[in-house]
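So the structure is just underneath, and the comments pick up after that.
FYI, it's all coordinate maths here, none of it is from the lab. These numbers were taken from a predicted model, which means no experiment stands behind them. With ideal geometry, Cβ positions are generated from the backbone for all residues, glycine too; neighbour counts draw on all protein chains shown.
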Amino acid sequence: MRKAMVLVASLFAAVAWASPEHGEAGVGEHGAAAGGHDAAAAGEHGEDVPGYILHHVTDSREMEIEVPLGQPIHLGTLPTLLIPFHDGACTPTMTDHGEVMPGLMSGCLDLSLTKHTVFMFASAALLLITMLVWSNRDKTKLVPRGTGANLIEMLVLFVRDELAIKNIGKEEGPRYVPYLLTAFFFILFMNLLGLVPWMSTATGNIAVTLALAVCTFIVTQVASIRAAGIGGYLKHLTGGVAPWLWPIMIPVEILGLFTKPFALTMRLFANMLAGHVVLFFLLGLIFILGHPGVAAVSVPFAFAIYLLELFVAFVQAYVFTMLSALFIGMGVAMGHHGHDDHGHEGGASHDHGGAHH
């Protein structure tokens, strides 16, 4: 449990570092500001459904509790409650061409809160509370009491037995269970919080999924080096081919190292973002077509997509964890391949010696 809590802190630190400033789901601050402007203009020039959708699926410096397609107004005024976060921590630096310098190039890194960061904190808090409560259960009883305790134990055993041990192995698998459990529940809670009204899905932010994938990438490389050693790890990059093919094989192997975290990043980001866009668009058809009768079709379809999103929240947490375990297992297998090669070489030399005698 102590290892899991340490991994929670390291995982969350990596995610929080990556997301506040540059991770607005591929749109950025300007996209979020444009979405807010479009939503505000909706009351004056007709409902701008695409702008409303964009505003709610991207990150922003404020959190809104509002009536659908309502106009954001000041804090404390109903029907919209606007909760602004700190903004302007970094003074914009202009280039000679009149453009704003991004982040670190201007000498300032803005780590102030955003909407997605707040819900990452909430997910991390839920994760810690869940694991602390579950670890302090009455361990004298073989079967835990309560639906929640049984569900948590089922998920923990599933990650340990079906993901870690089956993909990494009985010997090395338990070593990486704390990380896999942390990733699984952290992603699951972020996915589920995004389905609660007025909340936001942090995993719909590409910077969040990238940081999670980087954590898996680091753990995978550490597992590979630990299993095969530095020499075996570097030898694996040659693909076992003849030296004259190394200039071709080594770049391909290095590229393969980074395609794995890229796949993790894009799969989780695209699935979580697309589901919410489809959900909002189905409801937006009522305003696009301008007839309340459309609600008889779009609302049931939107409800079906919502139930599908609930299923996808679990599936995407499972897929990310399963692929992470698979990649770690591939890294651990480097050491076994190295030992097998040495064993075959030793056996061949022994057979050759016996034949000579």
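Computed extension length for Met199-Ile230: 6.6 nm, one decimal, from 0.36 nm per residue of separation with the Cα-Cα distance subtracted. Nearest 0.05, what FRET efficiency do Ala270 and Ala295 give at R0 = 35 Å with Cβ-Cβ as r? My answer for the efficiency is 0.80. Its Cα gyration tensor gives region 259-309 an equivalent ellipsoid; the semi-axes, largest first and in whole Å, are 30, 11, 4.
May I ask you to order 242-248, 167-173, 263-269 by the average number of other C-beta atoms within 10 Å around their residues, highest value first? Don't skip to the answer; put the middle values down first.
On the way: 242-248: 9.9, 167-173: 17.3, 263-269: 19.9.
With the highest mean Cβ count within 10 Å placed first, the list reads 263-269, 167-173, 242-248.
Close Lys pairs in region 139-290 (alpha-carbon distance under 24 Å; sequence gap of 8 or more, or different chains): 4.
Between Glu153 and Phe258, what FRET efficiency comes out of the Förster formula 1/(1 + (r/R0)^6) with R0 = 35 Å and r the beta carbon distance, rounded to 0.05? Walk me through the numbers before you get to the answer.
Values: r = 36 Å, r/R0 = 1.04.
The computed FRET efficiency comes out at 0.45.
For region 156-295, taking Cα atoms only, Rg and Dmax work out to 21.0, 70 Å respectively.
So, by mean Cβ neighbours within 10 angstrom, what's the order for 293-300, 159-166 with the highest one leading?
Details: 293-300: 12.8, 159-166: 19.0.
In descending order of packing, they fall as 159-166, 293-300.
Expressed in nm to one decimal, what extension gain is obtained for the pair Glu162 and Glu62 from 0.36 nm per residue of sequence separation less their Cα-Cα distance?
Working: separation 100, 0.36 × 100 = 36.00 nm, distance 4.05 nm.
My answer for the length gained is 32.0 nm.
Taking R0 as 51 Å, what's the FRET efficiency between Trp244 and Phe311 from their Cβ-Cβ distance, rounded to 0.05? After rounding, the FRET efficiency stands at 0.50. For the pair Arg175 and Val319 in one chain, pulling the backbone fully straight at 0.36 nm per residue adds 49.9 nm over the alpha carbon distance.
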